[in-house]
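Structure record follows, encoded as structure tokens.
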Amino acid sequence: PATKYLKQLEESNVALEELKLKLAEKVEEAKGKELYISQLEYKVDSYANEICDLRSRLNRVGHESDSWHERFLKADTSYHELKRAIRNLATGF
């Protein structure tokens, strides 16, 4: 009976060692996935910063566009007023 228990103990030890190896593999696999997730998070943060910069540039361009549109409208109005004044001068009012 003692040899039977020793054999069972030995088999249990072998099974335990196999489980330890599998656990070590799973730990390494998890570390690899954790590193991959960290890299993805870094990329996401980088893209978020880039998107923020692009939005800021877009807003700035929009404001510049509005400013140039206002200038155009003022210049166009001045042009038409000048044209009208020249016409009035030419016709003597």
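Conditions (1) in a helix (DSSP H, G or I); (2) surrounded by 10 or more Cβ atoms within 10 Å (Cβ to Cβ); (3) at pLDDT below 95; (4) among the acidic types (Asp, Glu), marked per residue:
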| residue | (1), (2), (3), (4) |
| --- | --- |
| LEU9 | yes, yes, yes, no |
| TYR36 | yes, yes, no, no |
| SER46 | yes, yes, no, no |
| GLU50 | yes, yes, no, yes |
| VAL61 | yes, yes, no, no |
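Can TYR79 be described as under 33 Å from the mean Cα position of the chain (by Cα) and not polar (S, T, N, Q)?
no
Looking at GLY32, GLY92, GLY62 in this structure, which one is out of contact with any Lys or Arg (no Cβ under 8 Å at 6 or more places or on another chain) and at positive phi?
GLY92
ALA85: of a type in the set (A, V, I, L, M, F, W, C) and loosely packed, with under 10 Cβ neighbours inside 10 Å, yes or no?
no
The values are calculated or read from the model by the stated rules, or taken from the named source; none is laboratory data. Because the structure is predicted, anything quoted here is derived from the model rather than measured. Glycine gets a Cβ as well: all are built from the backbone with ideal geometry, and neighbour counts include every protein chain shown.
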